[in-house]
Amino acid sequence: MPTDPERFRPHFFVDERMRIRIWPEATARALGIPETRATGRSCWEVVGGAGCRACRSDARDVSPASRCARLPATVGEGGWLAWLPPARIAGGFPGSALHESLLLRGVLAESLAQHSLDDTLEAIRGACAADDCELFQLEPEGEDVVLRGCVGQDRTAFLERTRMPLGTGYPGWITATGKPLTTNEFQEDHRFQRESVKRSGIRTFIGVPLVDHERAMGYLGLARKDEGIPVDWGLHLLEAAHPIAVAAARPARGVSRLSAPRAPTIRCLGPFAIVGQARTLGVAAFPRRKALDLLRHLILARGTAMSRDALIEHLWPGIDPESGANRLHVALHALRSVLREALPGTGERLVQHRHAHYRIDVETLGPVDAFLFADALDEARRRAREGDPDGALDCLELALPLYLGELFADAEDVAFEAPRQRFRDRYREALHLLVDLHLNRGRSDAALEALARQREFTVFDSDWYDALVRKVVEHGRSRT
């Protein structure tokens, strides 16, 4: 694809009633609409196209991917800075692309000065017309990069791996080299390590290093299911947003190493339960099943924000937006009522709502068994890789007892099947690692004993378990 540095999206400013307030010269030239015909009119009347109906109060069934991107313009008279969808990318005169990127950076900096990392990533994702956005940060020890934030409709797929060695995968490679990576042929790119992301249908990927004081501190990535996105345009835009992401990530000092185990407050592996101060609440404590499903989706996001549209599609597929928004409001109210009873004193800060996005405060929520399990397994893998088998075994001793069954074993919604399969795979990975660590020491007896303990406390498919037992038995025979 030829490089055209002046490729840009036509953009404009609108007021709170979506009437065009500022119509830049570059947009006027690209669309052939002079400023005098645009200003003062509703944006959908001027620009046209199916996506523009989303701004109208009577719009229905408009795909989020086809809508104009917009960010609040908090200076001057307020309103919004809007960009047309990527399909309307146009060629401009010298300075058009620079103007777009400077506007993006300026509005992001102004509107997100006091917001969280998740809010920042969501704004970057939306303004850059991406399906997903993630940020990895280098640990203080400089050995691994760790996921700090991830937003978008395929978030659960991206959470397949939250830690990677420096130099591995897009996050590790970009951080190690300090160079960007871009592709429109993502499905064939062997450098990306998470197969679940490829299965989600991503076609275009753009990643840039996060550089703070001339030192790589991590990476910022955007994913799209549209393979026709010009990567040069996307790279230019993402690099413009880079300083905002650096500022949002800077307060963190990385992710701490695995510490002493904590008793889970939220049990997701096996039957769902909230372990409160006074009593344990199970599924029966939720009078509305959708309130519990809403909580489950927010928990899986692990503190990142989920859009209202994504939650509605998960909970009520195919419903019209207005009815879905009303049902989500009812489910949210019911969820907060249960959580106030289970976790007194949390108030409204546990489930937060801002700019049509919802997130759960994982720090207030308390330890979640699924995340304790995943983090302990990641640490076990790291220690095994670094030649510390004792430390790896200690981590597995923390991880395996937490797996008391499949993720959300009592949930019927098919939307949970994909993350459920990932935890199945991770559990099998943990058992394989446990067996290998014991066999490397010539301890087939210890491996069999560990497998027997897991068989006693966990229900799972027997084929792979039986194959693992045969591997241990054959190893023991070969040494006698």
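So here's what we get for this one:
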| item | result |
| --- | --- |
| Unique match (being of a type in the set (Gly, Ala, Ser), outside any helix (DSSP H, G or I) and either free of Cβ contacts under 8 Å to residues at least 24 places away in the same chain or over 22 Å from Asp154 (Cα atoms) (or both)) among Ala176, Ala223, Ala216, Ala247 | Ala216 |
| Matching residues, region 148-162, being touching a Lys or Arg at 6+ places or on another chain (Cβ under 7 Å) and either free of Cβ contacts under 8 Å to residues at least 12 places away in the same chain or assigned to a strand (DSSP E or B) (or both) | Val151, Gly152 |
| Flag if Ile299 is part of a strand (DSSP E or B) and either over 12 Å from Val351 (Cα atoms) or modelled with pLDDT of 90 or more (or both) | no |
| Residue identified as part of a helix (DSSP H, G or I), touching a residue at least 60 places away in the same chain (Cβ under 8 Å) and closer than 30 Å to Leu121 by Cα among Ala374, Ala380 | Ala374 |
| Matching residues in region 54-102 - criterion: being polar (S, T, N, Q), touching a helix residue (DSSP H, G or I) at 6+ places or on another chain (Cβ under 8 Å) and either assigned to a loop (DSSP other than H, G, I, E, B) or modelled with pLDDT under 80 (or both) | Ser63, Ser66, Thr74 |
| Residues satisfying the stated conditions in region 330-360, i.e. surrounded by fewer than 16 Cβ atoms within 10 Å (Cβ to Cβ), within 22 Å of the chain's Cα centre (by Cα) and closer than 21 Å to Lys290 by Cβ | His353, Ala356 |
| Pick from region 191-213, criterion surrounded by fewer than 18 Cβ atoms within 10 Å (Cβ to Cβ) and assigned to a strand (DSSP E or B), ranking: modelled with the highest pLDDT | Val211 |
| Arg420 in contact (Cβ under 8 Å) with a residue 12 or more places away in the chain, out of contact with any Phe, Trp or Tyr (no Cβ under 8 Å at 6 or more places or on another chain) and basic (Lys, Arg) | no |
| Test: residue in region 398-416 that is among the acidic types (Asp, Glu), out of contact with any strand residue (DSSP E or B) (no Cβ under 6 Å at 6 or more places or on another chain) and assigned to a helix (DSSP H, G or I) | no |
| Residues of region 13-46 that turn out to be modelled with pLDDT under 85 and assigned to a helix (DSSP H, G or I), as a count | 1 |
| Tally of residues being under 18 Å from Cys268 (Cβ atoms) and of a type in the set (Ser, Thr, Tyr) across region 417-452 | 1 |
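The values are calculated or read from the model by the stated rules, or taken from the named source; none is laboratory data. Note that this is a predicted model, so its numbers are computed, not measured. Backbone-built Cβ (ideal geometry, glycine too); neighbour counts: all protein chains shown.
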